[in-house]
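The values are calculated or read from the model by the stated rules, or taken from the named source; none is laboratory data. Bear in mind the structure is a predicted one, so any value in this text is a computation, not a measurement. We place every Cβ from the backbone using ideal geometry, glycine too, and count neighbours over all the protein chains shown. Quick note on the areas: whole protein, heavy atoms, side chains included, nothing else; ligands and nucleic acids left out. Shrake-Rupley method; radii C 1.70, N 1.55, O 1.52, S 1.80 Å.
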Amino acid sequence: MPAFPDGEYEERLRRTRVRMETAGVDVLLVTDPANMNYLTGYDAWSFYVPQAVIVPLDDGPPLWVGRGMDAPSAVLTTPLPRENILSYTDDYVESTVKHPMQYVASVLAERGFAQSRIGYEGNAYFFTARNLHVLEESLPDAKFVDVDLLVNWVRTVKSPREIEVMRQAARIVEQVMRVAIDAVAVGTRQCDAAALISEAQIRGTGEFGGDAPANPPSILSAENAATPHASWSDAPFRKDTATCLELSGCRQRYHCAMSRTVYLGKPPDEMLRVADATKEGMAAALATVRPGALCQDVEAAWRKTINRAGFHKASRIGYSIGVNYPPNWADHTASLREDDTTVLEPNMTFHLMLGMWMEGWGFELSDTFRVTDTGHEVLADFPRQLFVKE
């Protein structure tokens, strides 16, 4: 069954077609798996082979095109009519003599788009340069237009049903963070903590299970806490070190992210100062959130607070978050940073990610929030502090 009622997908398609008309395209070729899911409900771990959702500008259901063995997933997870679920044979897969985008091109041609303006997602992770080359070669009279993040911007404002699913993801990440903090202990291997965290993410709560998140657990311990994207190892956690945990709950592919930091021993004064300033800066940033404010306003409130404490952060402090697949849980649209003039609207959701990566150590604090009609709602309820385990 699709994750949402049919009317939800119809409204998403309507909003997408408004943007398509503005962009001047006759048909949209959607290859980002999160956007395929958003517009149709399609959910399968099949994005490692070429697949697409074709959205004509005219009303009517879109087309799903993918590998033959994955077509039953489209039947099971989307409200699309059977005749709109089209598949290529397996001899297209990893072939040296034919390519799946040749089949996609034939579908476009059969539907009358051989000479149309075709929008494609040029920055989608799984849409390769070869994919575009094959399409252009197969449809020489068509005009291919890079519409990039067209659907992503539609996704940026969530529906009430999406918000409810993200609240469920928040209940999961609350449980996950408790497990993670308990798992960080002197002598415990980082990989063993990662295993417990992953189990908690997938187990979910007693009311609903979780999905595997788009990002693996981020466990940054000791020297690795000075960098945001290192991986865990099989080394044990050590006394007198900090461990930053950036984790998420994932429900029906929707994410709620959270970061907290654990110190094993007595924290040095400098870490306590950073922790206090970061907590104060988060409060200042959240106090700025309201409809009509700009993304840059939120960042400015944070920057003013930590600068007053003598600290500086060069990178952005957050981004739009929601439905996604690996390798990333961000919407890739609005960012909480200087010079981003995106206007905040009700039901936008952001991961407010305050990572302070210092020389040889680090501290992280983050929460996912929703813009409300009057301010903000932090989705997960979890203590905002440095967790000290002496």
Inset, instruction - Would you tally the residues in segment 196-207 being over 14 Å from residue 255 (Cα atoms) and in a loop (DSSP other than H, G, I, E, B)? - result: 3
Legend entry - Residue list for segment 1-21, restricted to those being open to solvent by 60 Å² or more (accessible area, probe 1.4 Å) and touching a Leu at 6+ places or on another chain (Cβ under 9 Å): 1, 19, 21
Inset, instruction - For segment 195-226, name all the residues that are open to solvent by 30 Å² or more (accessible area, probe 1.4 Å) and polar (S, T, N, Q). - result: 198, 205, 215, 224
Inset, instruction - Kindly indicate whether any position in segment 175-195 is touching a residue at least 60 places away in the same chain (Cβ under 8 Å), within 19 Å of the chain's Cα centre (by Cα) and in a helix (DSSP H, G or I). - result: yes
Inset, instruction - Identify all residues within segment 335-352 that are more than 12 Å from the chain's Cα centre (by Cα) and buried (at least 23 other Cβ atoms within 10 Å of the Cβ); write none if there are none. - result: 336, 348, 352
Legend entry - helices (runs of 4 or more DSSP H) (entirely within segment 1-96) containing at least 1 residues that are farther than 25 Å from residue 327 by Cβ: 6-23, 71-77
Legend entry - Qualifying positions in segment 359-390 - part of a loop (DSSP other than H, G, I, E, B) and in contact with a helix residue (DSSP H, G or I) (Cβ under 6 Å, 6 or more places away or on another chain): 360, 361, 379, 380, 382, 384
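Conditions tested, residue by residue: (1) touching a Leu at 6+ places or on another chain (Cβ under 7 Å); (2) surrounded by 16 or more Cβ atoms within 10 Å (Cβ to Cβ); (3) at pLDDT below 95; (4) under 18 Å from residue 50 (Cβ atoms).
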| site | (1), (2), (3), (4) |
| --- | --- |
| 91 | no, no, no, yes |
| 100 | no, yes, no, yes |
| 103 | no, yes, no, yes |
| 106 | no, yes, no, yes |
| 109 | yes, yes, no, yes |
| 112 | no, no, no, no |
| 160 | no, no, no, no |
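Working only within segment 128-143, note down all residues that are assigned to a helix (DSSP H, G or I) and either touching a Leu at 6+ places or on another chain (Cβ under 9 Å) or surrounded by fewer than 18 Cβ atoms within 10 Å (Cβ to Cβ) (or both).
Residues satisfying the conditions are 129, 130, 132, 133, 135, 136, 137, 138.
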Inset, instruction - Hey, can you tell me all the residues within segment 227-263 that are in contact with a Cys (Cβ under 7 Å, 6 or more places away or on another chain) and either surrounded by 15 or more Cβ atoms within 10 Å (Cβ to Cβ) or of a type in the set (A, V, I, L, M, F, W, C) (or both)? - result: 232, 248, 249, 259, 261
Legend entry - Residue within segment 268-275 that is surrounded by fewer than 24 Cβ atoms within 10 Å (Cβ to Cβ) and in a loop (DSSP other than H, G, I, E, B) present: yes
Legend entry - residue 150, sole failed condition from (1) open to solvent by 10 Å² or more (accessible area, probe 1.4 Å); (2) farther than 24 Å from residue 9 by Cβ; (3) touching a residue at least 40 places away in the same chain (Cβ under 8 Å): (2)
Inset, instruction - Could you list all residues from segment 116-143 that are without any contact (Cβ under 8 Å) to a residue 60 or more places away in the chain and either on the phi > 0 side of the Ramachandran plot or touching a Lys or Arg at 6+ places or on another chain (Cβ under 8 Å) (or both)? - result: 142, 143
Legend entry - So residue 70, is it at pLDDT 95 or above, open to solvent by 10 Å² or more (accessible area, probe 1.4 Å) and of a type outside the set (Phe, Trp, Tyr): yes
Inset, instruction - Go through segment 97-112 and give me each residue that's in a helix (DSSP H, G or I) and within 31 Å of the chain's Cα centre (by Cα). - result: 100, 101, 102, 103, 104, 105, 107, 108
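Within segment 310-319, is even one residue in a strand (DSSP E or B) and open to solvent by less than 70 Å² (accessible area, probe 1.4 Å)?
The answer is yes, given that some residue of segment 310-319 is in a strand (DSSP E or B) and open to solvent by less than 70 Å² (accessible area, probe 1.4 Å).
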